[in-house]
Amino acid sequence: MADYNQYDNDGGGGGFIMGLLAGVALGAGLGMLLAPKTGTELRGQVAEQARTFGTKASEQYRRAGETASAWAERGREAVNQAREAAQRGAEEARNYTGATTGGSYSTGANYNTGTTGGDFNRS
C-alpha cells in the first residue's frame, strides 16, 4: 500500500498553490462585497492579506525547494548504490568466468579401459 500523508505536499505543490491563489482571490472578493468598511480600511485589510499570502507562499516555496533537494540527494544515493552493485556484479562475473575458462581441465585424461579396474569388453 502506498505511503500517503495528506499534509505532505511533495508531489502536489502546483495544485496547492493554485488552490491557495483561487481561495485568496475569492476571499478577497467576497470580503470587499460583504464588508461594511470604508475604502481606506478595506485597502489596508487587502494589503495585510496580500502580505500574509506572500509570507505563506514564500514558506511553501522554501519547503518545496527543501523537499526537491532531499529527493535529488536520495536519487544520487540510489544511482551510486546501483553503480557500485553493477561494478561488484561485473567483478564477480569476471572472477567466475576466469575460473571456469582459465582453469586446468585436462582434455587428454588418462582413463583406464578395463585392464585392472573393470570388466569392459571392447570389440
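The values are calculated or read from the model by the stated rules, or taken from the named source; none is laboratory data. A quick note: this is a predicted structure, and the numbers were derived from the prediction, not measured. Using ideal geometry, Cβ is built from the backbone for each residue, glycine included, and neighbour counts are taken over all protein chains shown.
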Among the listed residues 118, 98, 103, 108, which satisfies the condition of being surrounded by 10 or more Cβ atoms within 10 Å (Cβ to Cβ), small (Gly, Ala, Ser) and either farther than 30 Å from residue 18 by Cα or modelled with pLDDT of 90 or more (or both)? 98
Give region 44-72 a look and list any residue that's farther than 22 Å from residue 22 by Cα and among the β-branched types (Val, Ile, Thr), or say none. 67
Per the filter on region 45-60, residues surrounded by 12 or more Cβ atoms within 10 Å (Cβ to Cβ) and free of Cβ contacts under 8 Å to residues at least 24 places away in the same chain are 45, 46, 50
Report whether or not residue 82 is aliphatic (A, V, I, L, M), under 29 Å from residue 20 (Cα atoms) and either at pLDDT below 90 or within 18 Å of the chain's Cα centre (by Cα) (or both). no
Only one of (1) assigned to a helix (DSSP H, G or I); (2) at pLDDT below 85 is not met by residue 58, so which one is it? (2)
